[in-house]
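Below is one structure, written out as structure tokens; the observations come after it.
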Amino acid sequence: MESAVFNLIEDLDQSTTNWKIKARVTRMWTSVSSENGSVKGYNVILLDDDNNHVHAFAYPNIWNGFKTPVIEGGVYVFDQFSVKDVVGNLKPVQADIRIRFSQYTTVTAVEDDGMIPAYKFEFLDLGDLFTEANKYQPQQQPEFAIDVIGVIEDFEPLTKLDTKFGMRDIVKFRICDSSNQHKVSVWRDLVVLANNIYTKELQSPVIAIITSTKVTTFMNTVQIGTLPSSKLYLNLDDESVTDMRMRLKEEGYLSKREKYLKAAKSEFVQTFMERMTLKDLNEKLTYDDLKKRIYTTFSVVKVDEDVAWFRIMVFAEDDTFSCNVMLMDRAARRIVGTSAIKAYNDFEKV
């Protein structure tokens, strides 16, 4: 049985290097020197069929020595490697160990039988980010990086920002759900990808998954930043995105544009659809009223015989007042469903 051949990620420890796992590479990135930009190492996240994942690392000479090229999304058998305690902050996955590939490690590509999921995320709800970020002092780093999911709003295309490290490319947007919204700044190599994949053709609302983010607070608001280990997925074909869409629908989420249109429609109804009597129209009409859409109801008592093709003058009355009312042809068509001249002719036949 395959379960007897391969070890599970949850069983790995430092007792031996004689480990053999079958896993999918769900994410990849390089560690780069901040001094000269040289590659310091290669990183992968490995996920097994028991839905456990772990961070693995290889120095450049080890990575380049693999006979089988390793690509993101591929399934491989990794044999002979060491296991180390995970150290440092902003760890990409919540595991206590990390794999270290060595010169004895072999990598073999195997058929993808669909038993290993394509992705695994460890989301923190957007509503919990502020509390999480406030756990740490300004100079402290969280133990783990955070995966987030939400709707993209206010996307700002690639621009340059003057930072203490010099001019750097940046893409900014907000990530939202029905109750929360936070600012996101995308940095480094992820900038170009974000700028290219966010298009108007994407299904709306555009749901983003951002892995391995650094969350801080500034002026009492949450700031989400990306790291070298961060990945950005838009409208990913994943159960988490499907669940998010259902949640948004159930909670009545509206995009920024939809909220604007709803507010405008509400204001239009409240401000422009006001009923007035003929007496009010005659005696109380103000300049502000001219900006509104006003309606009234009345009975037509008489039609002026001096009619033009584009208008009709009627003598109207309601319970409060009697007066002349001019119906332009367009108004006549809208109100009585016919032209002014036809309305006049029909009235004469009565």
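Computed from the coordinates by the stated procedures, all read-outs in this text should not be read as laboratory data. Keep in mind it's a predicted model, so treat the numbers as computed, not measured. Note: ideal-geometry Cβ built from the backbone for every residue, glycine included; neighbour counts use all protein chains shown.
In table form, for the structure just shown:
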| quantity | calculated |
| --- | --- |
| Hits in region 44-86 - residues which are polar (S, T, N, Q) and in contact with a strand residue (DSSP E or B) (Cβ under 8 Å, 6 or more places away or on another chain) | THR68, GLN80, SER82 |
| SER230 vs. criteria surrounded by fewer than 17 Cβ atoms within 10 Å (Cβ to Cβ), hydroxyl-bearing (Ser, Thr, Tyr), outside any helix (DSSP H, G or I) and touching a residue at least 12 places away in the same chain (Cβ under 8 Å) | no |
| Selected residue (only one of VAL215, VAL241 is in a helix (DSSP H, G or I) and under 24 Å from GLN94 (Cα atoms)) | VAL241 |
| Among the residues listed as THR217, THR199, the single one being more than 15 Å from the chain's Cα centre (by Cα) and either without any contact (Cβ under 8 Å) to a residue 40 or more places away in the chain or more than 30 Å from GLY41 (Cα to Cα) (or both) | THR217 |
| Selected residue [touching a residue at least 40 places away in the same chain (Cβ under 8 Å) and under 22 Å from SER31 (Cα atoms)] from ASP147, ASP154, ASP169 | ASP147 |
| Every residue from region 118-153 that is among the hydrophobic types (A, V, I, L, M, F, W, C), under 17 Å from the mean Cα position of the chain (by Cα) and not in a loop (DSSP other than H, G, I, E, B) | PHE123, LEU126, LEU129, ILE146, VAL148, ILE149, VAL151, ILE152 |
| Only listed residue being among the aliphatic types (A, V, I, L, M) and surrounded by fewer than 17 Cβ atoms within 10 Å (Cβ to Cβ), chosen from VAL206, VAL184, VAL215, VAL192 | VAL192 |
| Options LEU254, LEU248; residue that is more than 14 Å from VAL148 (Cβ to Cβ), of a type in the set (A, V, I, L, M, F, W, C) and assigned to a loop (DSSP other than H, G, I, E, B) | LEU254 |
| Selection count where residues are touching a strand residue (DSSP E or B) at 6+ places or on another chain (Cβ under 6 Å) and surrounded by 14 or more Cβ atoms within 10 Å (Cβ to Cβ), scope region 1-16 | 4 |
